[in-house]
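Step one of this worksheet: look at the structure below.
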Amino acid sequence: MTYWVEQRVDFSSYVGVPGQFGTTDLMVYDSDPEQLELQVHDAKFGHRPVLVERNTQLMLYALGALDLLSLGYEIKRVRIVIHQPQVNNGPIEWTLTLHELLDFAKVAWDKAQLVERATEEWQASIRGGNGPRARAWPYSPRGCAGRGRGANTPRPLPPRSHLLEASNSKH
């Protein structure tokens, strides 16, 4: 087995947005011919349980790890492991095939592109560019007048993850 601790993984090529990365707490490659398994471990210290199955953050980290290892390592499956001592008595795991991870990559690409387009449209609208008019975009600071907040009080902008979550309901 080969181990990497606190390994930065870049998954930009899987989402089509530059500079997208994360840091795995532990990455393991099991080279046993029966296994050929990539493991991505993450430590969570909150008191609210974190689900391991289809955990988007760790699946993105697994894509970054795959990108890092793809030239020199054969991988058949991926194991995602969450260590959350305040909630679980031991690690919780979920295993998926490489094919399933790559299917997730297609969905991640589509959703990331949706967020990028929405961000570009919003930025164009506040610059007065060719994007949608500010009053047509509900998160525009200029679109808040007459909504009970005061004409000079901008509406708070949602984080980009809000737009991604909104797109999840469409799939």
> Along the positive direction of the dipole of segment 1-64 (beta-carbon charges: Lys, Arg +1; Asp, Glu -1; about the Cα centre), which of 43, 17, 4 reaches farthest?
Replying inline: 17
>> With the cut-off at 1.5 for a/c, could you classify segment 63-117 from its C-alpha gyration tensor as rounded, prolate or oblate?
In response: oblate
> trypsin sites (Lys or Arg not before Pro), restricted to segment 24-125: which are DSSP loop and have at most 12 other Cβ atoms within 10 Å?
Replying inline: 54
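Each reported figure results from applying straightforward, stated rules to the coordinates on display, with no laboratory input. Treat the numbers as computed from the prediction; the structure is a model and nothing was measured. As a convention, Cβ positions derive from the backbone with ideal geometry for all residues, glycine included, and neighbour counts pool all protein chains shown.
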